[in-house]
Amino acid sequence: MALFRSRNTQTGSQNISKNTTQRLPETSDEGGLLPAGVPEGQRVVVTISRQCGSGGAEIGRLLARRTGLQYLNHEIIDEVARRSGVAVEQVEQQDEQTSGPLGYMLEALTTSTPFTLEYSKLLQPRQRSPQPLSREIAYLHLTRRVILEMASAGDAVIIGRGSQFLLRGLPRILHVYVFAPLPRRIENVREHYNLTHAQAVEHIERRDSETENYLRHYYGSNGTQPELYHLLINTGLFSFESAAGLIAQALPFVQSH
């Protein structure tokens with residue numbers, strides 16, 4: 001039996017359809033104050049941060065099925081795309097990504113004089129957008145707002161995207177970090193994506209680097225510090241089903257705090 005009853009059968013994007021914008025803001029957040037991120041009433045939120053290949057997203061899906069909470073992963077991308085008026089695929093490319101120091105130096109160049117604008121064009125001959133980093137920041141702000149609204153609605157499982165930082169210290173929110181030994185992660189990625197061993201290693205290294213760069217740049221930490229979380233689960237020891245069960249058992253404790 002589920003520990004928590006789902007409020008309705010709507011998706012996360014349907015539940016937060018208010019206060020939308022029709023065009024993607026280029027340099028700032030949407031107007032108005034940001035939501036507090038505190039779940040309504042006695043509702044709860046679980047954030048799941050994870051290493052690539054550790055099964056964090058799958059565990060979140062199992063947890064949502066078990067408890068009746070809403071599973072919010074790709075739904076966040078869908079909502080950002082809907083509000084910004086761009087294709088989902090475009091938002092997916094920017095999801096949990098950052099351009100790094102060189103990109104920000106180039107951004108500074110493009111916002112300076114006509115000379116530096118032309119100089120930066122020579123450095124970036126294949127750039128698809130005249131202001132890629134302004135767009136990156138806009139996606140970040142919009143993603144933050146969407147996550148805070150979803151958390152405020154409550155009864156949700158939110159996967160990644162810095163949610164452990166955005167919602168840190170708030171009541172009735174359980175922060176979970178899922179990790180696994182590298183050999184287990186490689187095997188999981190091989191099976192999930194049907195890759196060779198070398199391809200799986202390359203995929204994990206790339207995703208680990210992207211996630212670390214994203215979190216360090218926007219939140220000043222790579223997100224692996226134990227004090228950020230209430231539960232740390234090693235899926236080298238626990239199955240995905242068992243891990244979902246452990247999280248479900250912890251929910252009544254955070255519901256009362």
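Label A250 and L170 with points 7 Å out from Cα along Cα→Cβ: what is the distance between them in nm?
Here the answer is 1.8 nm between the modelled labels.
Assuming R0 = 25 Å, can you tell me the calculated FRET efficiency for the pair T224 and E187, based on Cβ-Cβ distance, to the nearest 0.05?
Working from the Cβ atoms, E equals 0.70.
How many nm separate the modelled label positions at L231 and Q42, each set 7 Å beyond the Cα in the direction of the Cβ?
With each label placed 7 Å out from Cα toward Cβ, I get 2.0 nm.
Computing the accessible area with a 1.4 Å probe over protein heavy atoms, can you report the carbon and sulfur percentage for the stretch 147-257?
53
What's the ranking of 195-202, 134-141 by average number of surrounding C-beta atoms within 10 Å, highest first?
Taking the mean over residues of other Cβ atoms within 10 Å, the ranking is 134-141, 195-202.
The values are calculated or read from the model by the stated rules, or taken from the named source; none is laboratory data. Because the structure is predicted, anything quoted here is derived from the model rather than measured. Positions of Cβ are generated from backbone atoms using ideal geometry, with glycine treated the same way; all protein chains shown enter the neighbour counts. In case anyone asks, the SASA skips ligands and DNA or RNA and just uses the protein heavy atoms, side chains included. Shrake-Rupley method; radii C 1.70, N 1.55, O 1.52, S 1.80 Å.
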